[in-house]
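Notes follow once the structure below has been shown.
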Amino acid sequence: MRQCDQCRIAIKGDWATCPLCHQPLDQTTEVTSSSYPDVPLQFNNQRIMKWLVWLSILIIVVIFAIAFIWRGEIRLFEGAVLGIGTIWLIVLIILRKRRNLSKSVLYLLVSLSLISVYLDYLLGWQGWSLTYTIPIFCSSSLLGMFISIKLVRMKPGDYILYLAAADLLGLVPAVFLIFGWVTVTAPAWASVLLSTSMLFFIIVFRWQVIRRELKKRTFI
C-alpha cells in the first residue's frame, strides 16, 4: 500500500499522486487493490479516433472535389483544415475531460471567436474572422459536440442547454449576412442552416429536457 508522507495516510489503488495533496507517490511500492470497482467507459477511444480519421478524409475529398469544380476560385482548403482541426480539438477535449464537456466546448467556441476577431483587428482589418473563422468555428463546434454526444453516450441533461447555447451562437453569422460584413457567404450560410436545423431538432424532441434543466438551474 502506497503512503503519503505529507498527509500521513495509506492509499489503496494505483495512484501516481496523493488524492489529497497531489504529491508524487513512490511508484516502487506494491499496489493494494482499491475498495472501489473500476467503472468502464461507455465508449471505445480507438473506435472514435478511427471514425474521426475517416470523417476527416471524407471532408478533404469533398473539399477538393468542390475546389476542382470551381477551378480554385474559392479558398476552401484553408477552411477545411480549420474546420477539421476544430472538430478534432473538441472531440479530444471531450475524450480527455468527460466532465462539463459541452460547457467546455461552448467556452472554447466563444474564446476562439473573440481571439480571431482581435487578431483580424491587429493584422489590419480584412474581415476574414467574420467571413471564414467564426462561421467555421460555429459549424465545427456543433458537429464536434454532436459527434461526441453520440459516441460518448452523454445524458441529455448533461449537454442540452450548452448545445442550445451553441446553436444560438451559430446563428450569429446571420447578422454578418444581413449587414453585408462578409465577402463570401457560403460559410455563414452553412453555420446558420446547421444551427437552425439542430435548434429545431432539440426544441421539438428535447423540449421537456430543456424545461427540466432550466427549472433545476433557476430553482432557488
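Taking packing as the residue-averaged number of other Cβ atoms within 10 angstrom, the listed peptides 207-215, 185-193, 104-112, 171-179 run from highest to lowest as 185-193, 104-112, 171-179, 207-215.
Under 5 Å between amide hydrogens, built in the peptide plane, is the criterion, and for Arg2 it picks out Ile11, Thr32 among residues at least 5 positions away or on other chains.
Please go through the residue pairs Lys150/Lys216; Lys150/Lys215; Lys12/Lys150 and name each one whose alpha carbons sit more than 29 Å apart in this structure. It would help to have the intermediate numbers written out before the result.
Working: Lys150/Lys216 24 Å; Lys150/Lys215 25 Å; Lys12/Lys150 34 Å.
In this structure, Lys12/Lys150 exceed 29 Å between Cα atoms.
Between the beta carbons of Leu119 and Arg8, assuming R0 = 41 Å, the FRET efficiency works out to 0.20 to the nearest 0.05.
With the simple spin-label model, which puts each label point 7 Å out from Cα in the Cβ direction, the Arg153 to Gln27 separation comes to 3.2 nm.
We did not get these values from a lab; they are worked out from the coordinates using the rules stated. Given the structure is predicted, the values throughout are model-derived calculations rather than measurements. Note: ideal-geometry Cβ built from the backbone for every residue, glycine included; neighbour counts use all protein chains shown.
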